[in-house]
Structures are given as C-alpha cells and as structure tokens.
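Input: a single structure, listed below in structure tokens.
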C-alpha cells in the first residue's frame, strides 16, 4: 500500500520549494521547524530514504560526514557540482565542455557515468579572497 503521510507531503513540498538548493537533513529539519512544522527527525530520514528509492530526489555527498539532497527536476539539464574544499559550498555547474567529456567517456571508453556523483573540488572565489 503506497499512501502519503502528512510528514511525507510536508517534506516533499519543502524540497520542491527549495528546488535550487542542496539541503542537508539538519537544514530540512530546521526549515520545517521555521515553518512551524514539527516533523520528527526519524520521519525526515525515513522519507528521504523513500524519496531516494523512488527517484524523486538526488543525494550529493559533500564530504565524508555530510550529504545533501535536491529534488529531481525533469526539465533540468545535466549539471555538475563545484565543491569548495574550505567552506563546503556546493555550486551548480552547467558546462558544455564537461558534457562533451562525459559523452566522450561513455562513447569511446564504454563507461556509463553517474553524473549525480560528480563533484569537482577546489576553492570558491570567497575562500580564495576574491570576493
């Protein structure tokens, strides 16, 4: 039986409202609390796991200790991520050259890339002192 609980609807709605953001479990919990929605942390974890299984969200591993999540937007083009090694900021990267590289690897090397796991590490402009 596949039914929607109130907490599932609240969490999914929140992720849709923050579709351009990568949210950790703690951020999801805080945003729900800020909206006066009392969702137990166990329910957040359980529903995030369900959303992952159903392909509704993507999981991005930020570092060894943290993951963040983002709603899947079917209209969205492939994008990659730049991850600042210093502050942990995760930045969307839409780049034809990277897309071309992925296509090359898949065609010429017969290797299917999971783009949801591609993070390019470096330093953001703020951490390099450019902002």
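The values are calculated or read from the model by the stated rules, or taken from the named source; none is laboratory data. All of these numbers come straight from a predicted model, not from anything done at the bench. Glycine gets a Cβ as well: all are built from the backbone with ideal geometry, and neighbour counts include every protein chain shown.
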note = Of the residues in the stretch 19-50, those that are in a loop (DSSP other than H, G, I, E, B) and within 21 Å of residue 115 (Cβ to Cβ) come to 19, 20, 21, 22, 24
key: Counted residues, the stretch 6-43 - those being within 15 Å of the chain's Cα centre (by Cα) and under 23 Å from residue 88 (Cα atoms)   = 15
query = Among 106, 53, which is the only one that is assigned to a helix (DSSP H, G or I) and surrounded by fewer than 12 Cβ atoms within 10 Å (Cβ to Cβ)?
reply = 53
query = Does residue 68 meet the test of being assigned to a strand (DSSP E or B), surrounded by 14 or more Cβ atoms within 10 Å (Cβ to Cβ), in contact (Cβ under 8 Å) with a residue 24 or more places away in the chain and in contact with a strand residue (DSSP E or B) (Cβ under 6 Å, 6 or more places away or on another chain)?
reply = yes
task = Could you identify the single residue in 113, 48 that is in the same structural domain as residue 11 (by TED's automatic domain parsing) and either touching a helix residue (DSSP H, G or I) at 6+ places or on another chain (Cβ under 8 Å) or modelled with pLDDT of 85 or more (or both)?
result = 48
